[in-house]
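A quick write-up on the structure given underneath.
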Amino acid sequence: SCALTFPEKLLAMLDCADKMKTQLADQGHEPDTFCMSWLPDGKSFLVRDPVACTQTIIPLFFKQAKFTSITRKLYRWGFHQVERHDSEGPPLPPDAMIFANENFQRDARHKIANMKSMTTSNQRRKSESTPKSEGGEVERTSSPAITAGSDTQHLNAAASADARKHSDGNGVLS
């Protein structure tokens, strides 16, 4: 069988996270505190608790379970961090992150076919063709930090146990 691309695995991981959230809600837990989820618009996703993600859901889909490796892949595939203000929803923990990519959307899965991994050589070629500012320097944008607070370890531990129960050991849910 054909290996899944990073965005395809990420979609599967977010689908799994949605199922875990639903199971937690059915058990009387607060689902909005799960370690990762789609945001309501389906155009970005939230990593509420990076540590919990690396302990629960990421190992089900990726051999390399370090969160820094996952974020590197996100950036390589064209994702960017999005700022969310507390007025837009419940408060977020200080280390929470929101990622978006115009071709990665919950309800427009066909768009991931437009996604490409940017290798170092591709990035070099792109920067050579990137429009430059009047001073001759390549224009860059920065990613703002996200702030707020909450503790979700007990929910993530329950979700992790549930995911292992439904996994075949290779990260595939039954």
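Summary of values
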item: Solvent-accessible area of Arg76 with every protein chain in place, 1.4 Å probe, in Å² to the nearest 10; result: 80
item: Over the range 1-113, equivalent-ellipsoid semi-axes from the Cα gyration tensor in Å; result: 21, 17, 15
item: Proximal charge balance of Lys63 [Cβ under 15 Å; K/R count +1, D/E count -1]; result: +4
item: Given Lys19/Lys43; Lys21/Lys43; Lys21/Lys116, the pairs whose alpha carbons are separated by over 24 Å; result: Lys21/Lys116
item: Residues in the range 35-50 reached by a label modelled at Lys111 [backbone nitrogen below 18 Å; 7 Å Cα→Cβ]; result: 37-47
item: Rough spin-label spacing in nm, given labels placed 7 Å along Cα→Cβ, for Lys66 and Glu8; result: 2.7
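The values are calculated or read from the model by the stated rules, or taken from the named source; none is laboratory data. Since we're looking at a predicted model, the values are computed, not measured. As a convention, Cβ positions derive from the backbone with ideal geometry for all residues, glycine included, and neighbour counts pool all protein chains shown. Note: areas computed on protein heavy atoms with side chains; ligands, DNA, RNA excluded. Shrake-Rupley method; radii C 1.70, N 1.55, O 1.52, S 1.80 Å.
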